[in-house]
Amino acid sequence: MMVHMPGYYFGILDANGCTSPLDLPGGDISITAFPFYVTNSRVAFVETWQEPSPNWPLIFTANIPAGGTYELLFWPISRQPEFNIGLFAITGLQRWPGPNSGEYHFLARAPEDKNAGGSIHIKSHLDKTLVGHELGHAFFSRNTSVSFAASDYSIADAWPCNAGGVGGHDIDSTEYAQSTFTEAVATYYAAVSWNYRDQDGDCWLYHPGYPTGVNCDGGQTALPLAFMKNKCSPWTGRGVEIDWLRALWNIRTSGAKTSDNSLLNWIDAAPNAYTLTNTYSNLDAAANTMGGALNTNWDTTKVTNGLNP
């Protein structure tokens, strides 16, 4: 977080949330805090999309004694959305920064949830999964060299695979395979941000439709493994996000664990241009080309999670 204390400090707090040593006289100090975070040359910057003006800094006064170390408990109720989004975002970038530096610019409380390159428009600040998911869209867009994403959500399958309806999508809705994979890699980024892969592969994410959480590693009663093959039809050229999410997580955590960046290389290694329906065959061929742990893990997880050409 960026902090300005006029005459004493202006900069980014360190990883422990501390300034450098300061020579303060003691007494009331004016502090301006900005939802601006930096790690590993990556920047998460948050503004408020709200009329009549953004007015996103938080200015307050703290009584700080002279000498010693002072801990200020920071709970910015009046600017909670911006600071929460920034904290959630920088945590993700710190856990998996990727090969490219640059700025990820968030616009909080925008008219709709969407992403465009490095700019992310997002309404909710309470759901760290949602923030990580939208950051994931921008992250994969920046860190892959091919056009693999799609946003055609026109399929409306029968219940229980119709949560997105016509024009929408959800973690358990049937969509074109390319659109499903687009959403799955974004949610996978959130999973990487908030889970440790060395805990026996265990992975959980928050989802408002599943109060006990979504298991992004294995099956659960409400979201069994191979959800599409068990619950939905038809299958050809289609997919369900939860199946692809679990496959991606299993590639990362099973057997000889793959590097995070190998998934980016895998997407780029596809032999053909991505279309709405060829994502599975494209990635299957790319895995064969790459070989190694990624291909081994992929060959197992594509069966376990019922992925389909």
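Below are the figures for this structure:
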quantity	calculated
Subset of region 12-23 (residues that are farther than 18 Å from Leu73 by Cβ and surrounded by 14 or more Cβ atoms within 10 Å (Cβ to Cβ))	Ile12
Failed condition for Glu175, given (1) crowded, with 23+ Cβ neighbours inside 10 Å; (2) in a helix (DSSP H, G or I); (3) not basic (Lys, Arg)	(2)
Selected residue [under 21 Å from Trp96 (Cβ atoms), touching a helix residue (DSSP H, G or I) at 6+ places or on another chain (Cβ under 9 Å) and not assigned by TED's automatic domain parsing to the domain that holds Ser281] from Leu248, Leu135, Leu205	Leu135
Filter result (within 12 Å of Trp235 (Cβ to Cβ) and hydrophobic (A, V, I, L, M, F, W, C)) within region 174-189	Ala177
Checking Asn55 against (1) at pLDDT 85 or above; (2) outside any strand (DSSP E or B), the condition it does not meet	(1)
Qualifying residue in region 190-204 (condition: part of a helix (DSSP H, G or I) and closer than 24 Å to Met290 by Cβ)	yes
So Trp244, is it of a type in the set (Phe, Trp, Tyr), buried (at least 18 other Cβ atoms within 10 Å of the Cβ) and either within 24 Å of the chain's Cα centre (by Cα) or closer than 21 Å to Cys161 by Cβ (or both)	yes
Test: residue in region 220-228 that is part of a helix (DSSP H, G or I) and not small (Gly, Ala, Ser)	yes
Trp204 vs. criteria surrounded by fewer than 18 Cβ atoms within 10 Å (Cβ to Cβ) and without any contact (Cβ under 8 Å) to a residue 40 or more places away in the chain	yes
Test result for Pro76, out of contact with any His (no Cβ under 9 Å at 6 or more places or on another chain) and modelled with pLDDT under 85	yes
Hey, Ala270 in the same structural domain as Gln220 (by TED's automatic domain parsing), exposed (fewer than 15 other Cβ atoms within 10 Å of the Cβ) and over 20 Å from Phe227 (Cβ atoms) or not	no
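The values are calculated or read from the model by the stated rules, or taken from the named source; none is laboratory data. All of these numbers come straight from a predicted model, not from anything done at the bench. Reconstructed Cβ throughout: ideal geometry from the backbone, glycine too, with neighbour counts over all protein chains shown.
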